[in-house]
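The values are calculated or read from the model by the stated rules, or taken from the named source; none is laboratory data. Predicted model, so just to flag it, every value in this text is computed and none were measured. So basically every Cβ, Gly included, is an ideal-geometry build from the backbone, and we count neighbours across all protein chains shown. Ligands, DNA and RNA are excluded from the accessible area calculation, which covers all protein heavy atoms including side chains. Shrake-Rupley method; radii C 1.70, N 1.55, O 1.52, S 1.80 Å.
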Amino acid sequence: MSRVRVPLKAALLALLVAAPLSAASGETVINKSFSYFSIGGRTAEELDKALSASGPMMKATGARHPGATRIKFGGSITYVSRGGRCAVGSARVTLSTRIILPRWKYRRQADRDLALVWDTLSSDIKRHEERHAEIARNHARRMEKAFLALKPEADCERMQATVARVSVTAIEAHDKDQARFDRTEAANFDKRMIRLLQYRLEALKKTQQQVAAPRP
């Protein structure tokens, strides 16, 4: 099956100068949503082709993929006067993630073997994309902590420049973590799918044996 790669669309945090606040605070605002695209196909080969033809288009690769997570960072920073210097008063990072997953319209009509393959694959795609969203959440919270930990500067212009540098560094660290995760997943894809299929097949056999076992 096609490997999954995710484009990282991360916007730099908006920098806003507001009235002085009495205390520093962080309040990460996280939103996660799901959307689906429908695919056809009656065989494993047709399913693979359908995923390649109908999956979300990745601008980074110029190709379609079986799943994706759209990631967008935003937020605001306020500044306060503290001891004659400019400091971060509050930091709020917002994160929006939209997970795009495939939905097979012939799942109910599929035979047992093909259904098993699809259920295993679609479950793995969802797990993969959920992990991308989790990585983004972790970095959003780290960003807030990094902003709030900044030492005051001589004036707010310098403070804003420092915040901008921290924003860029934080986004770069996030993108590297996401890319590292994709590389690891791609390298282990075949072994992981075989292991998952074997596990599901064994679980199915146990269930069938339990159903067939005579009751006392």
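Per atom type, segment 75-146 shows carbon and sulfur on 43% of its accessible surface, probed at 1.4 Å. Placing +1 on the Cβ of every Lys and Arg and -1 on the Cβ of every Asp and Glu, with no other charges, gives segment 127-176 a dipole of roughly 220 debye about its Cα centre.
Charges were assigned to the Cβ only: +1 to each Lys and Arg, -1 to each Asp and Glu. The resulting dipole of segment 79-216 about its Cα centre is roughly 480 debye. The convex hull drawn around the Cα atoms of segment 81-216, when projected onto a plane and averaged over every direction, covers 13.6 nm². Prolate is the label for segment 69-161, because a/c, from the alpha-carbon gyration tensor with a ≥ b ≥ c as root eigenvalues, is 1.5 or above and a/b exceeds b/c.
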